């Protein structure tokens, strides 16, 4: 009994302390360093925050560059799927426009980007808010967080809690600000809670992310009527501005809950507008 | 001065698992995301466990630590969470390497359960105790389950690859 315990102790000690061939650090040292880094990060000290911000900015940039082949692959796949569906519907017409489509293959990505940028510019003109346009750099999701990283930070006056719009609809809010990048917490994230008002009845509720595509409505009044109801921000938290459109109410009878179908699909966002504040009447015109 | 192309090629092939691990941690490669509702797996765990167990000269502990820190930044987790999780996976792998004389797929696979449990337990404990990030436990469970199920597949692929690079090295 004691021999097997001794063996276990020796093997663990050896695994922890032995550096072995070509290992510069032992596991014990690195575990200790990780614990120190974790503790410092949790203390929220200002120098640590600044350091983390610098690390974030640099890693996001490298990450965005290294993700470009994946993005290209994903864009190509989407294009291919769309192309197939068009093929099925327009088999007869396809032969006639084949040459045109070959040209479109080369320019489709640029065209899409241009179109999205035009939408953003139009939004800037029409919007009653002062916004700053930004591009999604990364949208790596995990079981822990549904978030996206944009290429604007405190250098564009972005602050924590600011609402983020896509095509004029709310998609999330800023939860992390670095100097040249920020992180958006999407509405469908498990950690997202937004006070909302439901039109036309004016009922108040909390829009809660469920980790799935559609967030759910909580704390609804009794006998809630949801036919053709839309959801807007109420601004009751004092952080988000009121009256930003979010989505439409739908009843998920299978799961027995009231869900919101977002007007902007969180998986399809590419360019966004961060709301810096409300514009004056003259600016809005 | 002649460039030794063969040596460069050998070095690249030898460090490909490390390059793969760094790339997965830093890029948008969605190994932890859900392609088909519940399907997801933690590729980082598989790479770290296999290569620390089989050939620790390829995957240094220092790089495992750096990959963990990078993963934390990209996923916006408190710094050190993934690093600790990955290092404990390495610890289990190093222990198994020291304790066993001849390992097979089944011994590797069985001990990998312990590594997954420890790795995820560390992540869960740190996130639940020290941060306000909420988790879906069922998704974590599915993630662990598929990581475990897929291990033999990657074990076979890595085994072929390891033999290939070993043959090339001693050619």
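Laboratory data are not the source of any read-out in this text; all were calculated from the coordinates shown. Note that the structure is a prediction, hence the values are computed from the model and not measured. Cβ coordinates were reconstructed from backbone atoms using ideal geometry, including for glycine residues, and neighbour counts include every protein chain displayed.
Overview of results
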quantity	calculated
Residue order, fewest to most surrounding Cβ atoms within 10 angstrom, among A:227, B:10	A:227, B:10
Normalised per residue, the volume of the convex hull around the Cα set of chain B (Å³)	132
Among B:122, B:114, B:160, residue whose mean-square fluctuation peaks in a GNM of chain B (springs only between Cα atoms under 10 Å)	B:160
FRET efficiency, 1/(1 + (r/R0)^6) with R0 60 Å, evaluated for residue B:100 and residue A:276 via beta carbons	0.50
Average other protein chain Cβ within 10 Å of Cβ, residues A:40-48	2
Gyration tensor verdict on the range A:24-63 (Cα atoms; rounded if a/c is under 1.5, prolate if a/b is larger than b/c, oblate otherwise)	oblate
On Cα atoms only, tilt of B:43-54 relative to the major axis of chain B in degrees	50
Simple spin-label estimate for residue B:114 and residue B:4 in nanometres, 7 Å along Cα-Cβ	4.0
Extent along principal axes [Cα atoms of the range B:65-129; Å; largest to smallest]	39, 22, 16
Ascending count of other beta-carbon atoms within 10 Å, so fewest first, for A:167, A:46	A:46, A:167
MRE, 222 nm, helices only [DSSP H, n ≥ 4, -39500 (n - 2.57), over chain B, to nearest 500]	-25000 deg cm²/dmol
Inter-label distance, nm, simple model (7 Å from Cα along the C-beta direction), residue B:13/residue B:130	4.2
Chain lengthening between residue B:22 and residue B:38 when straightened (0.36 nm per residue, less Cα-Cα)	3.3 nm
Stretchable slack from residue A:61 to residue A:159, in nm (0.36 nm times residue separation minus alpha-carbon distance)	33.3 nm
Shielding by other protein chains, B:45-58, mean Cβ within 10 Å	1
Ranked B:19, A:164, criterion: other C-beta atoms within 10 Å, fewest first	B:19, A:164
C-alpha long axis of helix B:5-14 to longest principal axis of chain B, angle in °	30
Average other protein chain Cβ within 10 Å of Cβ, residues B:67-79	6
Net lengthening on full extension, residue A:13/residue A:204 (0.36 nm per residue, minus Cα-Cα)	62.9 nm
Estimated FRET transfer efficiency (residue A:25, residue A:51; beta-carbon r; R0 25 Å; 0.05)	0.75
Label-point gap, in nm, between residue B:146 and residue A:227 - each point 7 angstrom along Cα→Cβ	4.1
